[in-house]
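Note sheet for the following structure.
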Amino acid sequence: MPRPEVLDWLRKRFFPHMWCPGCGHGIILHAILRALVDSGKKREETVIASGIGCSSRMPGYIDACTIHTTHGRSLAFATGIKLANPELTIVDVMGDGDCTAIGGNHFIHACRRNIGITAVVMNNNIYGMTGGQASPTTPLGAKATTAPYGAIDPPFDICKLAQGAGATYVARATIAQPVICEQYIKNGLANNGFSVVEIISSCHTQFGRKNNRRTPLDNINFFRNNSVPIAKAQGMTPEDLEGKIVTGEFVKRETPEYTRLYLDLISRVGGNKA
Amino acid sequence: MPRIEFWQGNVSLAYGAIAAGCRFFGGYPITPSSEIAEVMSEELPRVNGRFIQMEDEIAGIAATIGGSVAGYKAMTATSGPGFSLKQENLGLAYMAEIPIVVVDVMRGGPSTGLPTSIAQQDVMQARWGTHGDHATIAYAPSSVQECYEVAIKAFNMAERFRQPVLIMSDEVLGHMREKVVVPEAGDLTLIDRKKPACSPDDFMAYKPDPEDNLPPMASFGDGYRWHITGLTHNEWGFPTNCATEIAFKSARLMDKVNVYRDEIVEYETESVEDAEMIVVAYGSVARTALSAVRQARARNIKVGYFRPVTLWPFPDREIEKLSEKAGKLIVPELNFGQMIHEVERAVHGKAGIIQMSLVNGELFQPSEILGKIEEVA
Ligand SMILES: Cc1ncc(C[n+]2csc(CCOP(=O)(O)OP(=O)(O)O)c2C)c(N)n1
Ligand code: SF4
Ligand SMILES: [Mg+2]
């Protein structure tokens, strides 16, 4: 049962939620709310942005400043909000399709700018909302309604993508580790820059039914049995790592945050006195 | 004292926006609109505003909507291909009732078309470009002075009605230099969005006030918590499948223009009182048309001039009224026929309509329009 101060962040008026019972995204909602509460955030100073997808329906349930935008574009909206008001805490929740397919360009540019937003990517390896089509993170060989013979498109590694594009905090956990998810989101919020927390989520309804993970528990067990912490992964061969989920914190570094640079520019040209 | 400047249309439009209170611009470069972004990048930080060059036009309008949600008057500017890219998020701004100004400096199309040549081919896209029913407000300036003025009007309408407003400029106007009389800041009438007066817990972001049927808007960061979505929603902003709520929301979006049409519609006329024939033109073409009409008058031809300043809502009742006396309307456009359909709709068969269409990257010559007037007279 969530703590009372966590429950305060839920828009009870908007319940019941639309997720299937047992959807992995609920675990992530709880982890995000615990992280926000424990980081001392205020609801009226916190923005939760999203695109379109099952994952992206999350902001509706959070009693903060919430914006459910267009498919893949949420980071561009969030960038505008953050630049307009850098005091706001911004969490952008995205699905794997939202973030890496239609929104891939906005994702890499948000990483490049190092703008102070925490992106929580809810990766269930599938397009859940539209009925189980393949996404850019569907594993090779996995079945989807648009990959009936198994996916042949190589998947993205979201954390490597974020690291390469310049994000200053990058971590991955699975929904089988809710406390670690919460910790990484807290670390992401504490980072003054663009943070990416990829959380491996589950869609038993769409992904599971085609890939032998029919129940929510099948998925949790799969994540438990196939996760490898970074330290251990470093000693393993690529063959051994095949099909494994490497978890941990990949990037923690400091470079100037974008809105800080812009506010400095305003001071330089005297706009702060305007 | 008003100041005199010698500006390009794009520059004038940018300064007009700043005078209107625009403090946020998100955009992506594209000819022939880029000067607007360039002026904004230089001027906005000087007035504690925000400029950001985004990764594409989709992101440009998204950031602009974000800037508005966080409380700024916000604008984006583009041209043809970029205007196409912006359509989906433009729809979000209609549905979520976020005030923004979107400028399209029209060039020839389709596709990459004619990046450096004038056209008027986006008139219907302005009205119907984004999917779904929505109420469009679009201005078409026809002088550099007016670029400044419509920027202010566009922001006023966006803020008043809590919706996007379009400015349909064109390549010739955007790049032409003319004298601009810049009014004193104190002489401008500026409208700011209506803010909620209730407590944060009672705020319903989509509940209209009974007196004007328009909902007040909070900003993210000013103490209110609310939900924004592109899904059709109820007064709390929460997605709905309830037929009554859907009908209420959908009709209210249309009513912004239906109910306030007379307050929004603008047009200009000359010599229409005794006119037996009227030339109806907008944007840069209207300049050519006016010069032809004056020359024809000098030759004792009873011809008048009508210029829609708002393409949307279209001044249909006004044109209908004039068509009762003037039996012929000449409609020159730089397309194969877009606004002419609105003229036809307006006159209900009361006047004959003569189309002039030019699609070669150039502007009409006054002599061409004069020739048509003489032929029809
Ligand atoms: C422009 C556009 N294209 C396509 C869609 C249809 N669509 C809705 S959600 C979605 C995929 C969602 O997948 P993901 O982001 O992984 O979220 P999930 O539902 O799996 O949580 C798609 C393709 C859309 N809403 N908008
Ligand atoms: S379809 Fe999948 S992702 Fe969507 S709510 Fe159901 S389980 Fe979750
Ligand atoms: Mg998904």
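Among the criteria (1) in a helix (DSSP H, G or I); (2) touching a residue at least 40 places away in the same chain (Cβ under 8 Å); (3) acidic (Asp, Glu); (4) open to solvent by 60 Å² or more (accessible area, probe 1.4 Å), the one B:GLU318 does not fulfil is (4). For the condition within 12 Å of ligand 3 (Cβ to nearest atom) and not in a loop (DSSP other than H, G, I, E, B), A:MET122 qualifies. Applying the set (1) part of a loop (DSSP other than H, G, I, E, B); (2) more than 14 Å from chain B (Cβ to nearest Cβ) to A:GLY72 leaves exactly one unmet item: (2).
Restricting attention to the stretch B:36-50, the residues being under 16 Å from A:ASP264 (Cβ atoms), open to solvent by less than 10 Å² (accessible area, probe 1.4 Å), assigned to a helix (DSSP H, G or I) and more than 7 Å from every other protein chain (Cβ to nearest Cβ) number 1. Of everything in the stretch A:247-274 that's away from chain B (no Cβ under 14 Å) and in contact with a Pro (Cβ under 7 Å, 6 or more places away or on another chain), which residue is surrounded by the fewest Cβ atoms within 10 Å (Cβ to Cβ)? So, considering only residues that are away from chain B (no Cβ under 14 Å) and in contact with a Pro (Cβ under 7 Å, 6 or more places away or on another chain), the one surrounded by the fewest Cβ atoms within 10 Å (Cβ to Cβ) is A:GLY248.
In the stretch A:93-110, of all residues being within 11 Å of chain B (Cβ to nearest Cβ) and crowded, with 24+ Cβ neighbours inside 10 Å, the one that is nearest to the chain's Cα centre (by Cα) corresponds to A:PHE107. Of the residues making up the stretch A:119-136, those that are within 8 Å of ligand 1 (Cβ to nearest atom) and β-branched (Val, Ile, Thr) are A:ILE126, A:THR130. For the stretch A:5-29, taking the residues that are within 14 Å of ligand 2 (Cβ to nearest atom) and loosely packed, with under 13 Cβ neighbours inside 10 Å, the one that is farthest from A:MET129 (Cα to Cα) is identified as A:PRO16.
For the stretch A:103-118, taking the residues that are touching a residue at least 60 places away in the same chain (Cβ under 8 Å) and part of a loop (DSSP other than H, G, I, E, B), the one that is nearest to ligand 1 (Cβ to nearest atom) is identified as A:ILE117.
Being out of contact with any Gly (no Cβ under 7 Å at 6 or more places or on another chain) and at the interface with chain B (Cβ under 9 Å from one of its Cβ atoms) is a condition met by no residue of the stretch A:28-35. Within the stretch A:1-51, track down each residue that is charged (D, E, K, R) and either in contact (Cβ under 8 Å) with a residue 24 or more places away in the chain or touching a strand residue (DSSP E or B) at 6+ places or on another chain (Cβ under 8 Å) (or both). Matches in the stretch A:1-51: A:ARG3, A:GLU5, A:ASP8, A:ARG11, A:ARG34, A:ASP38, A:LYS41, A:ARG43, A:GLU44, A:GLU45.
The values are calculated or read from the model by the stated rules, or taken from the named source; none is laboratory data. All values reported here derive from a predicted model rather than from experimental measurement. No Cβ is skipped: glycine too gets one built from the backbone with ideal geometry, and neighbour counts run over all protein chains shown. Surface areas here come from the heavy atoms of the whole protein model, side chains and all, with no ligands, DNA or RNA. Shrake-Rupley method; radii C 1.70, N 1.55, O 1.52, S 1.80 Å.
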